[in-house]
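Student: Got a structure for you, questions after.
The values are calculated or read from the model by the stated rules, or taken from the named source; none is laboratory data. A quick note: this is a predicted structure, and the numbers were derived from the prediction, not measured. In this analysis, Cβ positions are derived from the backbone assuming ideal geometry, glycine residues included, and neighbour counts consider all displayed protein chains. Ligands, DNA and RNA are excluded from the accessible area calculation, which covers all protein heavy atoms including side chains. Shrake-Rupley method; radii C 1.70, N 1.55, O 1.52, S 1.80 Å.
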Amino acid sequence: MKRLGFGVLALLLVALPPLLPERHLATFVLLTLAAAVTVGVSLLMGYAGQVSLGQASFYAIGAYTAGLLAVHGTPPLLGLLAAPVIAAVAAVLLGAPLLRLRGHHLAFATLAVQLILLSLLAQADWAGGAIGLQGIPRFSVGGFELRNDLGYAYLSCGVLAIALLVARNVVASRAGRGLRAAATSEVAAAASGVAVGGYRLAVFALSAAFAGLAGGVYAFYLGYLAPGSFPVLLSIEYVVMAVVGGLGTIAGPVVGATVIVLLVQVLNTLGTQPGMPDYAPTVLNYAVYALLLVVCVLFLPKGLVPALDRVRRGSLDKARSIR
Amino acid sequence: MSRPVVEVTGLTVRYAGATALDGVDLAVGEGELVALIGANGAGKSTLVKALSGLLRPHAGTITVRGRLAQVPEGREMFGDLTVDDNLRLGGWRNPEGRRGRDTSPIYELLPELSDLRRRRAGSLSGGQQQMVAIGRALMARPDILVVDELSLGLAPLVVTTLVGHLRTLNTERGLAVLLIEQNARLALDMCERAYVLETGRIALHGAAKDLARDPQVTAAYLGGHVEAGGGLEAGGHVEVGGGQEAGGRLEAGGHASGGHVEAAT
Amino acid sequence: MSDLLGYIVTGLGIGAGFALVASGLVAIYRVTRVVNFAQGAFAVLAAMLTASLLGSGVPHGVAELGGVALGAITGLLVGVVAIGRPGTSPGTSLIVTLGLGVLAYAIEILIWGDQPRSYPGVPGVAEVGGARLQAHYLLIVAVTGPVFAVMAWFFARTDLGKALSACASNRYAAQVVGIDVRRMGLLAFAIGGALGGLAGVLTTPVQQVTFDSDVALIVNGFAAAVLGGLTRPGVALAGGLLLGVAQTLVAGYGGGAYQVEVALVLMLTVMIVQAARTGPVAETAR
Amino acid sequence: MRGTGQGLRTLSRTLSIATLSLAITLAACGGDEGSGAGGDDPIRVGQIVSLTGNYSPLGTENQKSVALAVDKINADGGVGGRKIELTVRDDKSLPDQAVLAFNELKDDSDAIIGSPFSNSALATIPLVDREEIPYISLTPADEQINPVHPYVFVVPATSATYAEAALQYFQASKLSKVALAYDTKSSYAVAGAKGLQAKAGQYGVTVNPIEEFQTTATEFSAIFTHVRSSDAQALMVWATGAPAVALTKQYAASGLKIPLVLTGAQASKLFLDPAGPAAEGVVIASSVGVVGEYLPAGELKTAVDELTTAFTAKYGYPPPQFAQDGYSGVKLLAAAIEKAGGTDRAKVRDALEGLSLTTPNGTYAYSAANHSGLTTDFIAINMVQAGKFVPTEFSQEKLK
């Protein structure tokens, strides 16, 4: 069954990009990268019980790592491999003090870390400052350069697949069970011999690594990085995606990211139609984001995937009882 | 039993599928002292919460004639507030409004509290806090006091004083008391009637005197040392008084098992 | 020397604004255990309405009161959504307030547009010990002081205030004595809304307000409030003033390029030190 | 937690739902592709603009004026008989969204009008280089024209141009010692501050002290204290948005008597309204269009009046700087297409490089080496008087 699930996903990821019109491939790439970051956020929230409002920091760290290395002539593959490593190292260094905090304290702390990072980046001349880091070469391995969007679509699919596979294995592992215990009751978990702090830090680092890897691809795909590319709202977006899809499920991040990205695209198209008032796109955008988040948290606290699952199981039960 | 102040019939409470209370019937008459004993997890706290209206029952009815006030398990002080403020807030629902929040009658009833008025409730000893909890409950001018785990974690001498106060209130003011206790010996000693709650159901009920001799009860709740028929273990001396005598003195051990109870009649 | 005095008095003026936002956060957090991310929105809405009222000829004083009232009403509404449903955990409520903060953007832009607004406050310049500063800062300080005094009186001396403190101190016990904890939570949200509104109304004349001014307010407010563990209004006041003075001193003797970092690093340090001292509080976010 | 196997079944199912909805949405989005058949082929112009996020105050003005210019051209019969068809995409003040928007627009557009957000523009420019599509940029970042990108043409005067115009004013007004304060987080401000320092020597101006602040700053007394203790004869401030307003208000109360000099980012009601009376007497550099009513009759005056009349009639207030940029951008593009005799991308590009056109922003003269087009001649140095921008004597001389 497990094989089948991944088989279907793999097939989809391989088959979908060529079918998309080229102008929508960019949406696909960013969607897939967002889903990969959200896998980490979902893992962190669903399994380790921690809200991060600064996940875009690790996306940015990965992107700048890959971008800066590439600009200084490092082979892109090395840069891409370094991106998750540096992001994870940053997460370990930050997490050691920060993960003493819980709940809203951690939420604010991660938000603060992102604000500090953005502020420092904007003043760092070596990273391009506020104007941004320009001239990042395209991704290449050996002599083969990844030029068109289709290539990046597959690259980002690979990143998402890695994130999903690793997440699945972590969830199924002994460490994963320990984490789930820690999320429900830290005291009980500690009492039963789970090294809560260590696991929590490990998941934090892992989620940062996912974000870093996705950020690395983003850097090569866009060829330009700026502090403005990683606003706080982006971090909130990942939380919305994770919550809407469903925390602690494997499918949740993918569904959440898909729903949000598509909805935002549709709204953007709608808001810029002729005859719409000039504030329409802004108002629609904010309102729908907000309402989706509030309604999901209050009425679908487990997210779309489990909710859909319940509906399906309900109808199956009915079908059975009729038989 | 006189006219019931509290009457519970067929009370059922479930948490997420698990049944905590299952068809409980229970009544406390006017001015009556009733005990409810049961082991940990039998559903005592659930019953208290349902009685105070903090939980919505799944089925069954709870009828309270008059006012009910609760002395919660673990005292549940407003730790940052003074003793006087704790008492005042006890009168929050008192129908007499501001006048009902006058705390001076409580200091007459529980003179030990007078000197503690300005102290932070969180800084008091367990026994003092229990006294505040009783005083706070009395501020609501209740007809029945539901006392959840009076003796928990308190020294025997302290418990004696508290029981003394409750008896006085009972005899002088006709206050009915439903005492929910793990210390069965203490509960059966103080009260006239008693219920035994086991895994969400009333397993036994009857006169406290009779229950104290019931082999099942002694085995399960009185440490198994008291033989059926009232045979006393060497060194243990139990006499169960009617519980109505004014000024009844009681010394009680903190725990049911191996507890040593004396009640002078 | 007069430079130093000027920095300090100006810092106190700024800090008083932070303290008002912080005290709103504290008022709500104590009673409901919810960290209200929409706190900055109260300030923005109040300031926007005040600007509109003043623009349409409503006299000073009345317009400001209208703004504060809107803050209180908004607070109440946010409270209804955030804690109105029984069984909503504080973590869930936090995310709800985050969402409502974003929803406020939509409403603000719909009504007032996305342009910055401001209005005149106390005109002129005051001299304090040889240091010059905008006279309006003195008004901010002069209003904040009594507001905190009234709050202290309210929480310590009135039954309603005591009931609020009781909910903060022991929620279960409050239910036991018959205090409607949810209604108290809503009252706390309304008070928090009024305080947030006051912060916005008072600080706008020396700055300006845009729909997204709330981020800076909430971050500085939280930084001030966290000093007192989010539960002590007095410490939040001290925290706000300290933060304001620290920022002006850093700008005065260091440089203005790292003002944000000062507040944020201070906040992080305080939180981490507090956590190290008390041990991690098991508090799941959801 | 459910079993992983079941989770994956759910995954595969939800993914197929997601795919289906993706396909439907994309099909719906693509629906407008085939329109425009019949009659003359329209000129298709795509606009990437910040309608949401931090830069929406600029973006909305850009969009209003671009739409106004397109309507006007169409009403007058179009360009070479062909109507202009405008497609607008929001970049949400995010560089990657600008790239998305560009990808959506590039195949169906004859030219692109770019975002007012410099980061968005800089993210898009590598793609412009690859796609070779004329790109009219509405953000002033110097990095866009230095080095020259063949298809990128900048409409607003760049920070460096503003800096030089200010220096000319300082020299003429015998202000040789100037204090500088700038927002370290704004690329516009950083570029302006750099430009000022780089060229100050040429105009005999020394820059001291140099003060830094952040976009989020709300309090500037430290800067004023430092300036007061220096011998500076003027304070020049480079900033955009909120800090400029707060700084101006506090400057009025600071007791400093030297002139406060601001730049084009403040040359609009977006600054004047919130700053209120505190803005009185402040010196602000702007494009000439902002002070169009003081222009002598002539080609420039006509161009400015055309925009001011139409814009005021439609939106009820005079066009701010960002509206002039949008309007000028469309005018430049239309003129180039006219000159190229069609929408062939390379020909339009070549036409732009040889173009000289008077717009409400001034007279552009793009060349192969200069894709900025505006010189300091079209920057007016104004003073705020009674809530209006009035050219200083220095500028009035120049305008004549």
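Student: Note down the relative contact order for the range C:2-278 as a percent, whole number, built from C-alpha pairs under 8 angstrom at least six residues apart.
Tutor: Reported relative contact order: 39 percent.
Student: Which FRET efficiency value, to the nearest 0.05, do you get for D:D129 and C:H60 by plugging their Cβ-Cβ distance into 1/(1 + (r/R0)^6) with R0 = 51 Å?
Tutor: 0.35
Student: Where in the range B:131-154 does the label zone of B:T63 land, with the point 7 angstrom along Cα→C-beta and an amide N cut-off under 18 Å?
Tutor: B:143-144
Student: Mean separation of Cα pairs under 8 Å and 6+ residues apart, divided by the residue count of chain D: what relative contact order is that in percent?
Tutor: With pairs under 8 Å counted, the relative contact order is 15 percent.
Student: Please report, largest first and rounded to whole Å, the three semi-axes of the ellipsoid equivalent to the range A:72-121, where each semi-axis is the square root of five times an eigenvalue of the C-alpha gyration tensor.
Tutor: Its equivalent ellipsoid spans semi-axes of 27, 13, 7 Å.
Student: Looking at the square roots a ≥ b ≥ c of the eigenvalues of the Cα gyration tensor of the range D:275-347, which shape do they give, rounded for a/c under 1.5, prolate if a/b is larger than b/c, or oblate?
Tutor: It comes out prolate by the Cα gyration axes.
Student: Going 7 Å from the Cα of C:R85 toward and past its Cβ, which residues in the range A:266-305 have a backbone nitrogen under 17 Å from where you end up?
Tutor: A:289-305
Student: Still on this structure, I have one more. So if each residue of separation counts as 0.36 nm, and I subtract the Cα-Cα distance between D:Q396 and D:E299, what length gain in nm does that give?
Tutor: Computed gain between D:Q396 and D:E299 is 33.2 nm.
Student: At 4 °C and 1.567 mPa s, what whole-number value in µm²/s does Stokes-Einstein give for the translational diffusion of the range A:2-231, with Rh from the Kirkwood sum over Cα pairs?
Tutor: Translational D for this selection: 71 µm²/s.
Student: Next question. Once the Cα atoms of the range C:2-278 are picked out, what are the Rg and Dmax in Å?
Tutor: For the range C:2-278, the Cα-based Rg and Dmax read 18.3, 58 Å.
Student: Using only protein heavy atoms and a 1.4 Å probe, how much accessible area in total is buried between D and C, to the nearest 100 Å²?
Tutor: When D and C are taken together, about 2300 Å² of accessible area is lost.
Student: Ok, one more. Return the distance in nm (one decimal) between the two label points of a simple spin-label model at C:A142 and B:A203, each offset 7 Å from Cα along Cα→Cβ.
Tutor: 7.4 nm
Student: Plugging the Kirkwood radius over Cα pairs into Stokes-Einstein for the range B:64-135, at a temperature of 10 °C and a viscosity of 1.306 mPa s, what D comes out in µm²/s?
Tutor: The estimated diffusion coefficient comes to 128 µm²/s.
Student: Would you please report the Å³ per residue occupied by the convex hull of the alpha carbon atoms in the protein assembly as shown?
Tutor: Output value, Cα hull per residue: 195 Å³.
Student: Between D:Q233 and A:F299, what is the FRET efficiency for a Förster distance of 45 Å, r being their Cβ-Cβ separation, to the nearest 0.05?
Tutor: 0.10
Student: Counting each DSSP H run of 4 or more residues in chain A as -39500 (n - 2.57), what helix-only mean residue ellipticity at 222 nm follows after dividing by all residues, to the nearest 500 deg cm²/dmol?
Tutor: Here the helix-only value at 222 nm equals -25000 deg cm²/dmol.
Student: Taking every pair of distinct Cα atoms and averaging 1/r, then inverting, what Kirkwood hydrodynamic radius in Å comes out for the range D:97-182?
Tutor: Result for the range D:97-182 stands at 14.4 Å.
Student: Also, quick follow-up: Quick one: what are the phi-derived ³J(HN,Hα) couplings along the range A:159-173, Karplus 6.51/-1.76/1.60 with θ = phi - 60°, whole Hz, x for glycine and proline?
Tutor: Result, ordered by residue: 4, 5, 4, 4, 4, 5, 5, 4, 4, 4, 5, 5, 4, 7, 7 Hz.
Student: Compute the Kirkwood hydrodynamic radius of the range C:168-265, taking the inverse of the mean of 1/r over all pairs of distinct Cα atoms, and give it in Å to one decimal.
Tutor: 15.6 Å
Student: For the pair A:L150 and A:A96, what calculated FRET efficiency results from E = 1/(1 + (r/R0)^6), where r is the Cβ-Cβ distance and R0 = 51 Å, to the nearest 0.05?
Tutor: 0.80
Student: Can you tell me the convex hull volume per residue for the range A:104-151, based on C-alpha atoms, in Å³ to the nearest whole number?
Tutor: 144 Å³
Student: Taking the Cα atoms of the range D:138-224, what is the range of coordinates along each of the three principal axes, in descending order and whole Å?
Tutor: Principal-axis extents of the Cα atoms in the range D:138-224, largest first: 43, 34, 16 Å.
Student: Label points 7 Å out from Cα along the Cβ direction at B:E112 and C:V122: separation in nm?
Tutor: Placing both labels 7 Å along Cα→Cβ, they lie 5.5 nm apart.
Student: Here's a follow-up. Bins of 5 Å, beginning at zero and ending with the bin holding the largest distance: percent of Cα pairs per bin for the range A:40-79, please.
Tutor: 7, 23, 18, 14, 12, 12, 10, 4, 0
Student: What does the helix-only formula give at 222 nm for chain D: each DSSP H stretch with n ≥ 4 adding -39500 (n - 2.57), the total divided by the residues, and the result rounded to the nearest 500 deg cm²/dmol?
Tutor: -14500 deg cm²/dmol
Student: Return the distance in nm (one decimal) between the two label points of a simple spin-label model at B:A16 and B:S123, each offset 7 Å from Cα along Cα→Cβ.
Tutor: Taking the two extended label points, one gets 4.0 nm.
Student: Cα gyration tensor of the range C:24-81, axes a ≥ b ≥ c as square roots of the eigenvalues: rounded (a/c below 1.5), prolate (a/b > b/c) or oblate?
Tutor: Taking the square roots of the gyration eigenvalues as a ≥ b ≥ c, the range C:24-81 is prolate.
Student: Per DSSP H run of n ≥ 4, the term is -39500 (n - 2.57); total these for chain C, divide by its residue number, and report the mean residue ellipticity at 222 nm rounded to 500 deg cm²/dmol.
Tutor: Here the helix-only value at 222 nm equals -24500 deg cm²/dmol.
Student: Follow-up. How would you classify the range D:243-400 from its alpha-carbon gyration tensor, with a ≥ b ≥ c the square roots of the eigenvalues: rounded for a/c under 1.5, else prolate if a/b is greater than b/c, otherwise oblate?
Tutor: Here the range D:243-400 falls in the prolate category.
Student: Ratio of chain D's C-alpha Rg to 2.2 N^0.38 Å, to two decimals?
Tutor: 1.08
Student: Please report how far the C-alpha centroid of the range C:105-182 lies from that of the range A:68-103, rounded to the nearest whole angstrom.
Tutor: Here the two parts' Cα centres lie 42 Å apart.
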